[in-house]
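Here is the structure we will look at.
The values are calculated or read from the model by the stated rules, or taken from the named source; none is laboratory data. Model, not experiment: these values are computed from the prediction. Please note: Cβ atoms are built from the backbone with ideal geometry, for glycine as well, and neighbour counts cover all protein chains shown.
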Amino acid sequence: MHEMSLCESILDILEQQAGEQNYHKVSTVWLEIGALSSVESDAMRFCFDAVMQGSIADKARLEIVTVQGQAWCSLCNKNVMIEQRYDTCPVCGDFHLQINDGEQMRIKELEVE
Amino acid sequence: MCSVCGCSEGETTIEHSHEHQHDHGTDQNHTHDYGVGAAHAHAPGLSQARMVQIEQDILSKNNQYASANRDYFSQQGILTLNLVSSPGSGKTTLLTETIALLKEQLKLSVIEGDQQTTHDAERIRATGVKAIQINTGKGCHLDAHQVGHALENLKPASESILFIENVGNLVCPASFDLGEAHKVAILSITEGEDKPLKYPDMFYAADLMILNKMDLLPYVDFDVEQCIQYAKQVNPRIKIVQLSAKTGAGMESWVQWLKASRSVQLIDYTAL
């Protein structure tokens, strides 16, 4: 359940940004979560509501944008889509893939007042 | 509550005193102010609503602490290893046996992470090596901030090896950089050979996989070749050492890897 500490990190960032960006309430949080990051979206939502309770983001809406996993196959010389870290290249079957997208866990945007 | 940075440790406790300093980095952000009004707003009537673009990594704070730890290790010439595994894989026994082999040749210290008790740190201290326990309370992993605090109390010697034994968990510690040079994943052969596929994030993050309890191979259904293939499938760069911390078989390969990694760590240090 590291989603709990991830949500605590999100709250830290929201609170820190409140001063810098001059807001007192967060109503929506957009996250960009890669399919290959070790984040379970349902667990994230569950923890988000619990952690934000009583904070500047109390009852804020959580929007998770999932980014597909992508890797470079050096045999095919192109990017291929993957769903898991252990996926082989869907074209040639090789597993020496270099992951280049889908690992991110980022706060993208906020709707604030 | 920390006296300097004001951080709240929650349920985390670290043995001994509690004074520290660390850098709080800053991030570049920018605002898009859509003016007063309902621009971009999703609910009518919220006249003050506006959008703020943050573009910040959720783990940015942890990564800043990890980076400060890594700088410290680099300045001191300390090789730091983050040992990760399921509970019961034999991490602490591997450590005590490794210490027995190396403590006359090298300076060593240990940070122990567990939810509760100081049992593991006590086991390490019984070998004569410095150790400090971090209890994470309900936390399922160590983070770089806790390790930073532990370092202030532990004060590992320069040119030493620091082992960080993470909380027994093959999921959560994978995401949290502590500033280590390498993650080392320990898998005992009493577990399934498909662990690397079941917990790919951890085996992807690790540079070395240790297959422990090899002395039990005649008694368990564990396919070593299959396990190695799975690990290489998840992480083609991973190195693999097979050993038994209990009998000592295979320990020389692990010690060889440790010494080689330490030599690499010291390249930067001696160049200063």
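Condition check ((1) over 30 Å from A:Gly34 (Cα atoms); (2) in contact with a helix residue (DSSP H, G or I) (Cβ under 9 Å, 6 or more places away or on another chain); (3) free of Cβ contacts under 8 Å to residues at least 60 places away in the same chain) across all residues:
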| site | (1), (2), (3) |
| --- | --- |
| B:Ala131 | yes, yes, yes |
| B:Leu178 | no, yes, no |
| B:Ala185 | no, yes, no |
| B:Ile189 | yes, yes, yes |
| B:Arg237 | no, no, yes |
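A quick yes/no check of all residues on (1) in contact with a helix residue (DSSP H, G or I) (Cβ under 8 Å, 6 or more places away or on another chain); (2) part of a loop (DSSP other than H, G, I, E, B):
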residue: B:Asp201; (1), (2): yes, no
residue: B:Asp215; (1), (2): no, no
residue: B:Ile228; (1), (2): no, no
residue: B:Ile240; (1), (2): yes, no
residue: B:Lys246; (1), (2): yes, yes
residue: B:Leu258; (1), (2): yes, no
residue: B:Ser261; (1), (2): no, no
residue: B:Asp268; (1), (2): yes, no
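Taking the numbered list (1) crowded, with 21+ Cβ neighbours inside 10 Å; (2) within 12 Å of chain B (Cβ to nearest Cβ); (3) touching a helix residue (DSSP H, G or I) at 6+ places or on another chain (Cβ under 9 Å) in turn, A:Asp12 passes all entries but (1). Please indicate, with yes or no, whether at least one residue in segment A:47-62 is within 25 Å of B:Pro200 (Cβ to Cβ), charged (D, E, K, R) and assigned to a strand (DSSP E or B). No, the conditions are met nowhere in segment A:47-62. Please determine, by comparing only the residues of segment A:63-113 that are out of contact with any Leu (no Cβ under 7 Å at 6 or more places or on another chain), part of a loop (DSSP other than H, G, I, E, B) and of a type in the set (A, V, I, L, M, F, W, C), which one is nearest to A:Leu14 (Cα to Cα). Among those that are out of contact with any Leu (no Cβ under 7 Å at 6 or more places or on another chain), part of a loop (DSSP other than H, G, I, E, B) and of a type in the set (A, V, I, L, M, F, W, C), it is A:Phe95.
Does segment B:149-199 hold any residues that are outside any loop (DSSP other than H, G, I, E, B) and at the interface with another protein chain (Cβ under 9 Å from one of its Cβ atoms), and which are they?
First, pick out the residues of segment B:149-199 that are outside any loop (DSSP other than H, G, I, E, B): B:149-154, B:161-165, B:172-175, B:182-188, B:195-198.
Selection gives B:Cys172, B:Pro173, B:Ala174, B:Ser175, B:Pro196, B:Leu197.
Of all residues in segment A:6-31, how many are within 14 Å of the chain's Cα centre (by Cα), in a strand (DSSP E or B) and over 15 Å from A:Gln53 (Cβ atoms)? Residues in segment A:6-31 being within 14 Å of the chain's Cα centre (by Cα), in a strand (DSSP E or B) and over 15 Å from A:Gln53 (Cβ atoms): 2 in total. As for segment A:18-34, it holds at least one residue that is surrounded by 19 or more Cβ atoms within 10 Å (Cβ to Cβ) and either touching a Pro at 6+ places or on another chain (Cβ under 9 Å) or among the aromatic types (Phe, Trp, Tyr) (or both). Taken together, the criteria place B:Ser244 among residues that are more than 14 Å from chain A (Cβ to nearest Cβ), more than 21 Å from the chain's Cα centre (by Cα), touching a residue at least 12 places away in the same chain (Cβ under 8 Å) and buried (at least 22 other Cβ atoms within 10 Å of the Cβ). Number of residues in segment A:76-94 that are without any contact (Cβ under 8 Å) to a residue 12 or more places away in the chain, at the interface with chain B (Cβ under 9 Å from one of its Cβ atoms) and surrounded by fewer than 18 Cβ atoms within 10 Å (Cβ to Cβ): the value is 1. Among the criteria (1) modelled with pLDDT of 75 or more; (2) closer than 20 Å to A:Leu6 by Cα, the one B:Gln76 does not fulfil is (2). The number of residues in segment B:193-235 being free of Cβ contacts under 8 Å to residues at least 24 places away in the same chain and surrounded by 17 or more Cβ atoms within 10 Å (Cβ to Cβ) comes to 2.
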